[in-house]
Amino acid sequence: MKDFKKLVLIAAVTIAACFFLVPETVFAQNVVDDAFRYVRVLDIFFMLFLVAFLMMFIKKFEWEIALATCIGLGGSFVLYTFLKVEVLQQYFSVMPATESPSLWGIAVVMSITYIIAMGVPLGQVKHWQYLLLALLFVPCFLGIEWFEWEYLEGVYDAGGSILVHMFAAYWGWGVILGLQEKRESVIEEPMRTTTHSVGWVWLSAMLLWMLWPSFVSVLLPSAAVWPTAITTYFAGFGSFLTAYITEYAINKEVDPLVYCYAMLAGLVAIGTLCNVVGIWTGFAIGLGAGVISVLGFNYLAPFLTEKTGVLDSMGVNNLHGICGIFGGIVAIPWAGAVEIVAIAFSLGFGLFSGAICGLITRAGGRPDHPFDDADLFPLEPGREEPF
Amino acid sequence: MKDFKKLVLIAAVTIAACFFLVPETVFAQNVVDDAFRYVRVLDIFFMLFLVAFLMMFIKKFEWEIALATCIGLGGSFVLYTFLKVEVLQQYFSVMPATESPSLWGIAVVMSITYIIAMGVPLGQVKHWQYLLLALLFVPCFLGIEWFEWEYLEGVYDAGGSILVHMFAAYWGWGVILGLQEKRESVIEEPMRTTTHSVGWVWLSAMLLWMLWPSFVSVLLPSAAVWPTAITTYFAGFGSFLTAYITEYAINKEVDPLVYCYAMLAGLVAIGTLCNVVGIWTGFAIGLGAGVISVLGFNYLAPFLTEKTGVLDSMGVNNLHGICGIFGGIVAIPWAGAVEIVAIAFSLGFGLFSGAICGLITRAGGRPDHPFDDADLFPLEPGREEPF
Amino acid sequence: MKDFKKLVLIAAVTIAACFFLVPETVFAQNVVDDAFRYVRVLDIFFMLFLVAFLMMFIKKFEWEIALATCIGLGGSFVLYTFLKVEVLQQYFSVMPATESPSLWGIAVVMSITYIIAMGVPLGQVKHWQYLLLALLFVPCFLGIEWFEWEYLEGVYDAGGSILVHMFAAYWGWGVILGLQEKRESVIEEPMRTTTHSVGWVWLSAMLLWMLWPSFVSVLLPSAAVWPTAITTYFAGFGSFLTAYITEYAINKEVDPLVYCYAMLAGLVAIGTLCNVVGIWTGFAIGLGAGVISVLGFNYLAPFLTEKTGVLDSMGVNNLHGICGIFGGIVAIPWAGAVEIVAIAFSLGFGLFSGAICGLITRAGGRPDHPFDDADLFPLEPGREEPF
């Protein structure tokens, strides 16, 4: 008995000594998590700029998109940090945030959501209104973030199908509905692309595709990243194939812009289940999403434009909107009814809060020349070139 | 004696307790390996898409390359995973695979090998035949993978000079030899590049160069990555210099396409010894490979086209073929005769299995307009532009 | 007492056994550090090539910049390694270097400094002189590296505002001053940009912005990377906003080239304090730097060209020069007078050593056609295109 007590004592002392002597190993786990998250957060910043290039295909309307992305990122990220760290954390008990990698992970996710959403009113607001909209977007995103993550329980949405993609699409549609006076056709002459500008779209789509695992896994623990990544890629493989087959079946040719967007459809849809299902389920979701997105571009988009007068020139609804909904619906067997609530809130609150932001923005007037860099940039002499 | 037994007992208990209490540190090593491999695997996906852009320099034949890359990646990766995980692992005892990062590392290496190989018949098959060829490629790659890694012992090829580059080149040449009816000239009018499209080639070549260490080290243990990476870079520095000097010495000017390909020659060649030799040996290999690749472009390529009728428009043999062989040959002093067997098998089995795939593909017919996006894409109105 | 000695003995044996049995955990910390640095070093290689594309906006003068970057990187990196590892380390006691990731980190920082510096004489030297200048640059950089890191103590410059940006700008200005015969106007016809080439500048600027945290943190310990990264991003947000506002206030429109350079101003300036201050101080520095850079482009640059005859076509002084000085000045309250010495040395030694390199280069003659790819590249048939 005395021996046993001695043994326990000795063991305790030794273990304590071990911990004291090997702090670097205990420490290592945090460093690994932080280093791994550093990589994924930088990847998402990369994606954010690629989203801009994904939209830069309209002739003589490229530079304003790039500038709007920069000021939109700067404005939204700074305001979001300020509200979370200096206001919510100090004076309220909701969504506690520290200056940890997780905070910066969600912050850049918020900013990329705005850049996606900006695609809907793109070309139809004045340059400084991109910054205004970015600032107005921040409290709206805090609203859905609070609702989905704190108010609801059990929503499956690690990769942001509902929080990011659906909300971006419907907030953006809310803005344009609040902004436009009537069913209007803002474009007098058809927008034209160039081989050169479509090259940017191919590059952006491919690299967004490649970086997507970092996006869906940014808030997951390190050990969950690989399984999530590979399921996500399999969803992407599915869209690669069905976007091609569906578009070719409908038109006997492939519109490169439709393909570049629809190849990402599976990645949008897998956001709800990316850390839950395996590769073959992921592949199946990707196959389905590729079909749905191409159908959206070919049939739903003209119908919606006809009914609402909205020109969703970047196809935000066809990629992020309906594929986000599809992702939410396929997750219902796993998550239950709460998933339906999350989908409905994202759609409803997105349209409602976006419309309010659109009405506010409308007070500042509309641009004289929609979809035209001449709004802000000197177009001579380089831009006199025939492309 | 009794004290000694007690001491051993106490020590054993304590060590067990330590392991029980510090699972996160034991765990950390796996997480580090996996996180580090995540970075390298994503880099290789990046490279795969860059290989596509490296080939997108022919006017009005850019988009089909991009689409072929997407469907080729999707098709080959999914079939390879299916065969390895669901067939070979379940029913055979060769090449056991688990759904681990290593599996996805070799899978994306397989897919990039196909994209390189696709460069040989590029523009000379119908769009859906890129997918067919991707599916046919998978068993061929499993064949060489089994031969080099399981059947042979002691091959030096961590970075894939023989498995990836040589096999890509000669499988691709096999396909075109099986595909074409006779010595034919498929091109009626000369292919033309544009400043814009050559810009893509510069960007792709530079970024491929930069990412190459992730490619050669993807299956190595974490601790071996840095020495491998830096030896690889020194091989790249060598090619930067001799590709420039050799091309200028021959032509008194530098063909940007030749330079962009030949600057990668050292990186192709170092694949056999990248984890074995130091920086100065690596540099010497890179110096040699740069010279060999430029000589290949200037003298060997016209000779082979004359003799075989094959138009290797992307210069796959001049970069991947002969530099892969060069890499294999310089490794013989380290590896011995087995390296010669590996080189010979990659060349012979590549040509043979490729020719069979080419013959199968030939049954589906040939495209009406080689090297022309009009095969699949709407060329109006953007493509009416003068570039 | 005897029990106590026994206890100590047992504990010591057990701890030793633990270390022996868990080498992978002790080992892990180094692997984490190395893996994390691998990511940042590759990011800097990425940035180095992006710096080239940031300068590729002049019509018919794009390819020589790309080639100069490749041979400049190869030449400078190899010589620097040789001097550090084979000469300084073997025969001298200054700046000991091992073949560790840290060495390659500082080596690529040295090379990117040369590529930035090359921007000043760009287009005004013969193609092989880019390689000569790269080799001449290496001992100059070793000089400032020794002075700032070994001779001085307590300089705040983890992110290289003084060592990299200031030195690049003033060494480059030294070269052109040593190179040109008199106040000369090298350009007969105005340089023209194209929409396409300006697209490269947008992409490069955005991705440089995104990758900047890896640059400023490359030599810092792992645990310091995140705080440094996020302070750096906040400096970047500041420049996004004030570069836009200042440029618009001055010109009522935004010159895309000025904006693409000035958006990086905060990142240049934060290099001194990036690992010292928090996000809001970083943001303030970025706000200030954005204003300063735009003022430099609009007012200082024409004044300096008038006074010196130097055509700093890439605006190196307006971004790297004056924002580096600004970064140094704001660090004085933290670092003290030593920071002033470092600033003065970077300016003075940069101009002096650069001028000597310029005089040496001048002996090889000047190019017949400044800013013209025809110096080295075949311009037919692709380049006959209207862009």
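Some values worked out for this structure:
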| read-out | value |
| --- | --- |
| Residues of segment A:345-364 classified as surrounded by fewer than 24 Cβ atoms within 10 Å (Cβ to Cβ) and in a helix (DSSP H, G or I), total | 13 |
| Selection from segment A:45-99 of residues that are small (G, A, S) and more than 30 Å from A:D375 (Cα to Cα) | A:S93, A:A97 |
| Among the candidates A:T113, A:T98, residue that is among the polar types (S, T, N, Q), surrounded by fewer than 21 Cβ atoms within 10 Å (Cβ to Cβ) and closer than 30 Å to A:V32 by Cα | A:T98 |
| Residue within segment A:27-41 that is more than 30 Å from C:E253 (Cβ to Cβ), at pLDDT below 85, aliphatic (A, V, I, L, M) and over 21 Å from the mean Cα position of the chain (by Cα) present | yes |
| Close pairs from segment A:45-59: first facing another protein chain (nearest Cβ under 10 Å) and of a type in the set (K, R), partner buried (at least 24 other Cβ atoms within 10 Å of the Cβ) and assigned to a loop (DSSP other than H, G, I, E, B), Cβ under 7 Å, at least 6 apart | A:K59/A:T194 |
| Residue within segment A:350-364 that is over 19 Å from A:T272 (Cα atoms) and without any contact (Cβ under 8 Å) to a residue 60 or more places away in the chain present | yes |
| Matching residues, segment B:196-211, being within 23 Å of C:G75 (Cβ to Cβ) and within 10 Å of chain C (Cβ to nearest Cβ) | B:V201, B:W202, B:L203, B:A205, B:M206, B:L207, B:W209, B:M210, B:L211 |
| Residue in segment A:366-385 that is away from chain C (no Cβ under 14 Å), surrounded by 16 or more Cβ atoms within 10 Å (Cβ to Cβ) and in a helix (DSSP H, G or I) present | no |
| Residue that is surrounded by the most Cβ atoms within 10 Å (Cβ to Cβ) [pool: residues in segment A:195-254 that are over 17 Å from the mean Cα position of the chain (by Cα) and in a loop (DSSP other than H, G, I, E, B)] | A:V254 |
| Among residues of segment B:294-320, those that are within 14 Å of chain C (Cβ to nearest Cβ) and surrounded by 22 or more Cβ atoms within 10 Å (Cβ to Cβ), counted | 2 |
| Index of the failed condition, B:I285 passing every other in (1) part of a helix (DSSP H, G or I); (2) under 25 Å from B:L50 (Cβ atoms); (3) touching a Phe, Trp or Tyr at 6+ places or on another chain (Cβ under 6 Å); (4) of a type in the set (A, V, I, L, M, F, W, C) | (3) |
| Extreme residue, nearest to B:E150 (Cα to Cα), among residues of segment B:335-344 that are crowded, with 18+ Cβ neighbours inside 10 Å and more than 17 Å from the chain's Cα centre (by Cα) | B:E339 |
| Positions within segment B:288-342 being closer than 19 Å to B:I176 by Cα and among the charged types (D, E, K, R), in sequence order | B:E306, B:K307, B:D312 |
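The values are calculated or read from the model by the stated rules, or taken from the named source; none is laboratory data. Keep in mind that what you see is a predicted model, and the values were worked out from it rather than measured. Don't worry about glycine lacking a Cβ; one is built from the backbone with ideal geometry, like all the others, and counts go over all protein chains shown.
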